[in-house]
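Enquirer: Quick one: the structure is below, and I'll ask about it shortly.
The values are calculated or read from the model by the stated rules, or taken from the named source; none is laboratory data. Fair warning: this is a prediction, and the values are worked out from it, not measured in the lab. Neighbour counts run over all protein chains shown; Cβ positions are idealised from the backbone, glycine included.
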Amino acid sequence: MSAFSPQPLPARLGGHIRQAITVLPAGPGPAAVLDTWERRGGCWQKTATMAAVAGRGGFVAAEAKREGDGGTPCGVYALGPVFGYAAANATAMPYRQITADDHWVDDPASPQYNQWVRGAPQAASWEDMLRPDGLYRHGIVVGYNTRPIVPGKGSAIFVHLWRGPGEATSGCVALDEANLLRIIAWLTPAGQPVIVLGHG
């Protein structure tokens with residue numbers, strides 16, 4: 001779609017990575033622009049551009065990220081698994097169905113902090129993945145604060161459905177259903193996909 005570009009992404013992306021998503025602010029407020037990229041012939045080619053939203057706290061440096069601050073953590077992170085409410089999704093990526101027993105722990109004092117737990121969490125607080133507002137009907141886990149997990153550095157960063165254009169998230173990236181499904185269908189394990197949030 002667009003011309004090949006030699007350096008649209010951080011140089012530290014390894015040669016094994018063939019798919020990438022970049023998300024950059026698009027002015028004041030939570031508005032963001034999301035681009036998808038494929039590595040072809042030694043260069044990165046942009047394959048799609050779409051509107052997105054980020055956290056109410058804006059893009060924040062990963063070292064400054066704190067639980068509950070509403071910030072979207074800058075950096076480069078692995079993507080997956082894909083998740084959703086349905087039993088299956090049109091994706092080549094590992095997929096996990098959400099049930100009423102699925103929760104994501106956001107209690108920094110819990111040994112299960114920033115982990116997806118099935119069953120009763122060992123924690124004082126968590127997020128139910130089967131949300132009544134349906135924002136997790138389709139989504140992708142962003143591998144932020146996972147290796148290692150640092151208590152209090154932020155949890156539950158996803159790419160998921162938005163409430164609408166201009167409606168901020170609590171730190172995730174969100175977009176409309178058609179575009180999210182397009183991304184989910186495009187991702188492949190062989191592409192070793194990553195997401196670059198902010199300026200990486």
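Enquirer: Any residue in segment 135-157 that is crowded, with 16+ Cβ neighbours inside 10 Å, assigned to a loop (DSSP other than H, G, I, E, B) and touching a His at 6+ places or on another chain (Cβ under 6 Å)?
Expert: yes
Enquirer: With the condition being under 16 Å from the mean Cα position of the chain (by Cα), charged (D, E, K, R) and within 26 Å of Ala190 (Cβ to Cβ), I'd like the strands (runs of 3 or more DSSP E) fully within segment 19-95 carrying at least 1 qualifying residues. Quick ask: steps written out before the conclusion?
Expert: Details: elements: 19-25, 31-40, 43-53, 75-84.
Where strands (runs of 3 or more DSSP E) fall fully within segment 19-95 and carry at least 1 residues being under 16 Å from the mean Cα position of the chain (by Cα), charged (D, E, K, R) and within 26 Å of Ala190 (Cβ to Cβ), they are 31-40.
Enquirer: Of the residues that sit in segment 96-108 and are touching a Leu at 6+ places or on another chain (Cβ under 7 Å) and either among the small types (Gly, Ala, Ser) or in a loop (DSSP other than H, G, I, E, B) (or both), which one is farthest from Gln19 (Cα to Cα)? Please lay out each step first, then the result.
Expert: As a first pass, look at segment 96-108 and keep what is touching a Leu at 6+ places or on another chain (Cβ under 7 Å): 98-100, 102.
Remaining after also requiring either among the small types (Gly, Ala, Ser) or in a loop (DSSP other than H, G, I, E, B) (or both): 98-100.
On the way: Ile98: 26, Thr99: 29, Ala100: 32 Å.
Across segment 96-108, the extreme among qualifying residues is Ala100.
Enquirer: So which of Val82, Val105, Val33, Val53 is over 28 Å from Pro148 (Cβ atoms), at pLDDT 95 or above and touching a Phe, Trp or Tyr at 6+ places or on another chain (Cβ under 6 Å)?
Expert: On inspection, the qualifying residue turns out to be Val53.
Enquirer: Assess whether Val194 counts as being within 20 Å of Gln97 (Cα to Cα) and crowded, with 21+ Cβ neighbours inside 10 Å. Full working, then the answer.
Expert: Details: within 20 Å of Gln97 (Cα to Cα): no; crowded, with 21+ Cβ neighbours inside 10 Å: yes.
Against the criterion (within 20 Å of Gln97 (Cα to Cα) and crowded, with 21+ Cβ neighbours inside 10 Å), Val194 does not qualify.
Enquirer: Which one of Glu38, Glu67 is charged (D, E, K, R) and over 16 Å from Val142 (Cα atoms)? Spell out the reasoning first.
Expert: Values: Glu67 fails: over 16 Å from Val142 (Cα atoms).
Checking each option against the conditions leaves just Glu38.
Enquirer: Of all residues in segment 65-88, count the ones that are of a type in the set (S, T, N, Q) and either farther than 25 Å from Leu181 by Cα or surrounded by fewer than 18 Cβ atoms within 10 Å (Cβ to Cβ) (or both). Steps first, please.
Expert: The initial filter retains those residues of segment 65-88 that are of a type in the set (S, T, N, Q), namely 72.
So of that shortlist, the ones also either farther than 25 Å from Leu181 by Cα or surrounded by fewer than 18 Cβ atoms within 10 Å (Cβ to Cβ) (or both) come out as none.
Residues flagged as of a type in the set (S, T, N, Q) and either farther than 25 Å from Leu181 by Cα or surrounded by fewer than 18 Cβ atoms within 10 Å (Cβ to Cβ) (or both) within segment 65-88 amount to 0.
Enquirer: Which of the residues belonging to segment 158-200 are part of a strand (DSSP E or B) and of a type outside the set (Phe, Trp, Tyr)? Full working, then the answer.
Expert: Here is the first cut: in segment 158-200, the residues part of a strand (DSSP E or B) are 158-161, 169, 173-175, 194-197.
Within segment 158-200, Val159, His160, Leu161, Thr169, Val173, Ala174, Leu175, Val194, Ile195, Val196, Leu197 qualify.
Enquirer: Okay, moving on. Given the residues Trp126, Trp186, which is the only one that is at negative phi, without any contact (Cβ under 8 Å) to a residue 24 or more places away in the chain and of a type in the set (Phe, Trp, Tyr)?
Expert: Trp126
Enquirer: Let me ask something else. Just to be sure before I move on: is Tyr113 part of a loop (DSSP other than H, G, I, E, B), aromatic (Phe, Trp, Tyr) and in contact with a Leu (Cβ under 8 Å, 6 or more places away or on another chain) in the structure I sent? Step through it out loud before you land on a result.
Expert: Values: part of a loop (DSSP other than H, G, I, E, B): yes; aromatic (Phe, Trp, Tyr): yes; in contact with a Leu (Cβ under 8 Å, 6 or more places away or on another chain): no.
Taking the combined requirement at face value, the residue does not satisfy it.
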